[in-house]
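These notes are about the structure you will find just below.
Please treat every number below as a calculation from the coordinates, not as lab data. Everything quoted here is computed from the prediction, not taken from an experiment. Here the Cβ is made from the backbone with ideal geometry for all residues, glycine too, and neighbour counts use every protein chain on show.
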Amino acid sequence: MTDIEDLVDEIEELKMEIDALKKEVHEIPPHKHCLNCGVAIPPDKTFCSKKCEDEWNNMVKRKKKFTYIWLLFLGILVIILMFTFR
Ligand SMILES: [Zn+2]
């Protein structure tokens, strides 16, 4: 067998593998992923469990709090700068 025939064979095998993968991807039923942990869940749900929902909500709350603190800090910084450069 020549090198080119080897290569053609390999390409054919790859093509078959890609087709198999495409089929596999196509056969996965519609689903979503839990916002918190990423586990596959039915499309009508947002979280896989109550625990994940609570965890997510706590995280969002913490993020909001952090944003407020950050804005407050920026506001104070602006006031300080205004008084310093007057
Ligand atoms: Zn989850």
Crossing angle, helix 50-84 versus the chain [Cα axis fit, 0-90 degrees, rounded to tens]:
50 degrees
Is it possible to state the helix-based mean residue ellipticity at 222 nm for the chain, with each DSSP H run of 4+ residues giving -39500 (n - 2.57), the sum divided by total residues, to the nearest 500 deg cm²/dmol? What is it?
-25000 deg cm²/dmol
If one takes the longest principal axis of the Cα atoms in the chain, at what angle in degrees, from 0 to 90 and to the nearest 10, does the Cα axis of helix 3-27 lie?
50 degrees
Taking Cα atoms of the chain, Rg/Rh with Kirkwood Rh, to two decimals?
1.46
Please work out the C-alpha center-to-center distance from segment 1-15 to segment 27-63 and express it in whole Å.
45 Å
Computed about the Cα centre, the charge dipole of the chain from +1 Lys/Arg and -1 Asp/Glu charges at the Cβ has a magnitude in debye, to the nearest 20, of 1920 debye
Which of Ala20, Cys48, Ile80 sits closest to the plus end of the dipole of the chain, meaning its Cα is farthest towards the positive end, when Lys and Arg get +1 and Asp and Glu get -1 on the C-beta?
Ile80
The chain: relative contact order as a whole-number percent, Cα under 8 Å and 6+ apart
13 percent
Amide H neighbours of Ile41 at under 5 Å, excluding residues fewer than 5 places away on the same chain, with H built from the backbone geometry, are Lys32, His33, Cys34
